[in-house]
Each structure stands twice: as structure tokens, then as C-alpha cells.
Amino acid sequence: MSKKDDDNLDHLEFDGLSPLEQDAANMHEMFVALQGAGFTERQALQLVAFLIDRSDESNDLNIYINEEMIQKIHDAQNEDDEEEE
């Protein structure tokens with residue numbers, strides 16, 4: 001291998017993530033962050049699913065979280081927990 005070949009960095013080029021890969025990374029990051037904030041795995045998954053369902057038609061993942069939505073999810077989880085007891 002010549003010195004010129006050693007200096008070639010073309011094999012290190014990175015085109016970036018595809019839009020689908022970016023959305024998947026955003027969803028995973030939200031899922032992990034919700035669990036870190038105290039949501040159960042189930043609650044976090046429900047929130048992420050809700051956010052995907054509510055995203056607009058532009059195929060962009062728009063994240064809208066408000067206090068009322070969070071309270072509804074906590075209430076539903078508490079009802080589920082009470083039914084299991």
C-alpha cells in the first residue's frame with residue numbers, strides 16, 4: 001500500500017442516517033427518556049405510540065406532550081393496577 005492510499009479517507013465518509021433511521025432513533029430516545037422520567041415501560045411505549053399516531057401527514061415525527069395527556073396516562077395505569085389487585 002502506498003503512502004497515497006494510506007491518506008485516502010474515502011472509506012470513512014458517512015452520508016448520515018436515512019429519514020426512517022432518524023425517526024427510529026428519535027422514537028427510541030423518547031422511549032428511553034420517558035422511562036428515565038419515571039414512566040413504566042408500558043406507559044412509555046403507549047406515549048410513543050400515541051405521539052406517532054398524532055404526528056402530522058408530513059411524515060415528520062412531531063412530539064407534543066402536555067400535562068393533561070400525561071395525567072390521563074397515569075390515571076389509566078392506576079386503574080389497570082387497581083384492577084390487577
* Structure fact -> Final fewest-first order of L47, L20 on the 10 Å Cβ neighbour count is L20, L47
* **Taking D53, D75 and counting other C-beta atoms within 10 Å, the order from fewest to most** => D53, D75
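No lab work stands behind these numbers, since they all come straight from the coordinates. It should be emphasised that the depicted structure is a prediction, and the values quoted were computed from it without experimental measurement. Positions of Cβ are generated from backbone atoms using ideal geometry, with glycine treated the same way; all protein chains shown enter the neighbour counts.
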